[in-house]
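Working notes, structure below.
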Amino acid sequence: MKRQIVIIAAFLLLTLSQRPIFAGTVMYDNIPSPLPANVPSLGYQANQTAEFGELIQFAPGSSLTLGSVTAVMSDWALASTYNSTDPGWYEPITLNLYNVNNSSGTPQPGSLITTLTQTFFIPWRPPAGGDCEGGAWQAADGTCNNGLAFAVTFNLNGITVPDQLIYGIAFNTNTWGYAPYGTSGPYESLNFGLATSGPSIGSNPLPDSAYWNTETASDYADGGAGGVGTFRQDTNWTPYSGAVEFGSVPEPGTVGLMLGGLMILAGAIRRNRQGQR
């Protein structure tokens with residue numbers, strides 16, 4: 001019996017080491033691997049931004065039942081600025097998913113597929129130190145950084161999505177966002193992380209484009225001719241694109257295999273304990 005328990009446990013540990021429990025397949029991936037100490041990023045407060053995202057195409061053959069979306073953020077806020085002894089702070093961040101509207105000939109955000117707001121823990125960036133200048137912090141690899149890259153994951157309940165969509169990441173700051181706070185806080189130093197190479201899984205149908213809601217006309221490539229304060233297509237973003245990953249829910253057989261294995265292991269442990277009494 002003990003040998004059976006060891007075999008089952010080893011099987012489950014091997015399976016879990018390959019992927020997170022109940023994780024599905026990756027449909028789109030544009031997150032650098034391994035994630036560096038920091039990444040290029042877009043500051044929402046600094047750029048009068050409410051929302052930023054892009055048009056993406058999922059990998060051929062992907063399951064279109066979406067389970068999770070992971071986004072890289074970059075925090076430039078220091079604990080000392082806010083007299084905090086906590087390891088970080090919390091911020092609600094919103095994920096919006098839109099159908100693609102091609103009626104004008106230029107792909108634009110169409111009807112909303114879903115919106116999800118979750119509150120995430122935001123770690124402070126490390127204090128300045130090492131051989132870095134200008135207030136930057138030094139990572140273990142010797143690089144000097146003004147921000148700290150980390151990932152947040154939105155958990156969706158297996159919604160069905162098209163093979164192309166436009167996503168947007170939105171959050172509020174002191175004076176910008178869809179509902180500005182109107183007071184100073186560390187969210188003024190929270191940025192959305194960007195990648196500098198194309199996705200490893202899936203594709204960007206418009207690699208030079210992003211979708212942006214900013215109040216600064218000059219931030220748009222067209223100088224604001226297409227409007228400001230609206231989530232719309234912008235160009236001249238090469239080589240930058242959002243650092244995000246989309247994952248499907250697991251196949252039913254995978255979930256069943258995992259649950260079945262856990263049940264077998266639990267039963268074996270229970271019987272073994274009973275036999276030792």
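Every number here is computed from the coordinates shown, using simple stated rules; none is lab data. Computed from a prediction, not measured in an experiment: that's the story for all the values here. No Cβ is skipped: glycine too gets one built from the backbone with ideal geometry, and neighbour counts run over all protein chains shown.
Name the one entry in PRO127, PRO207 that is touching a residue at least 40 places away in the same chain (Cβ under 8 Å) and either at positive phi or of a type outside the set (Phe, Trp, Tyr) (or both).
Values: PRO207 fails: touching a residue at least 40 places away in the same chain (Cβ under 8 Å).
Going through PRO127, PRO207 in turn, the sole match is PRO127.
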TODO: Determine whether GLN48 is of a type outside the set (Gly, Ala, Ser), in contact with a strand residue (DSSP E or B) (Cβ under 6 Å, 6 or more places away or on another chain) and on the phi > 0 side of the Ramachandran plot.
DONE: yes
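Does the stretch 128-149 hold any residues that are touching a Ser or Thr at 6+ places or on another chain (Cβ under 8 Å) and part of a strand (DSSP E or B), and which are they?
From the stretch 128-149, those touching a Ser or Thr at 6+ places or on another chain (Cβ under 8 Å) are 147-149; that's our starting set.
Residues satisfying the conditions are LEU148, ALA149.
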Task: Single match in GLN118, GLN138 (criterion: touching a Cys at 6+ places or on another chain (Cβ under 6 Å) and either surrounded by 12 or more Cβ atoms within 10 Å (Cβ to Cβ) or farther than 18 Å from ASN191 by Cβ (or both)) - done: GLN138
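Go over the candidates SER218, SER241, SER189, SER197 one by one and state the one that is out of contact with any strand residue (DSSP E or B) (no Cβ under 8 Å at 6 or more places or on another chain) and closer than 20 Å to GLY43 by Cβ.
Details: SER241 fails: out of contact with any strand residue (DSSP E or B) (no Cβ under 8 Å at 6 or more places or on another chain); SER189 fails: out of contact with any strand residue (DSSP E or B) (no Cβ under 8 Å at 6 or more places or on another chain); SER197 fails: closer than 20 Å to GLY43 by Cβ.
Unique residue meeting the criteria: SER218.
How many of the residues making up the stretch 76-93 are in contact (Cβ under 8 Å) with a residue 40 or more places away in the chain and either surrounded by fewer than 18 Cβ atoms within 10 Å (Cβ to Cβ) or of a type outside the set (D, E, K, R) (or both)? Let's see the steps before the verdict.
Restricting attention to the stretch 76-93, the residues satisfying the condition of being in contact (Cβ under 8 Å) with a residue 40 or more places away in the chain are 76-82, 84, 89, 91-93.
Among the residues that remain, those that are also either surrounded by fewer than 18 Cβ atoms within 10 Å (Cβ to Cβ) or of a type outside the set (D, E, K, R) (or both) are: 76-82, 84, 89, 92-93.
Final tally of qualifying residues: 11.
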Open item on the list: Given the criteria assigned to a loop (DSSP other than H, G, I, E, B), surrounded by fewer than 20 Cβ atoms within 10 Å (Cβ to Cβ) and either in contact (Cβ under 8 Å) with a residue 40 or more places away in the chain or among the acidic types (Asp, Glu) (or both), does PRO162 qualify?
Closed with: yes
- [ ] Would you mention how many residues in the stretch 103-127 are within 30 Å of GLY226 (Cβ to Cβ), in a loop (DSSP other than H, G, I, E, B) and not polar (S, T, N, Q)?
- [x] 2
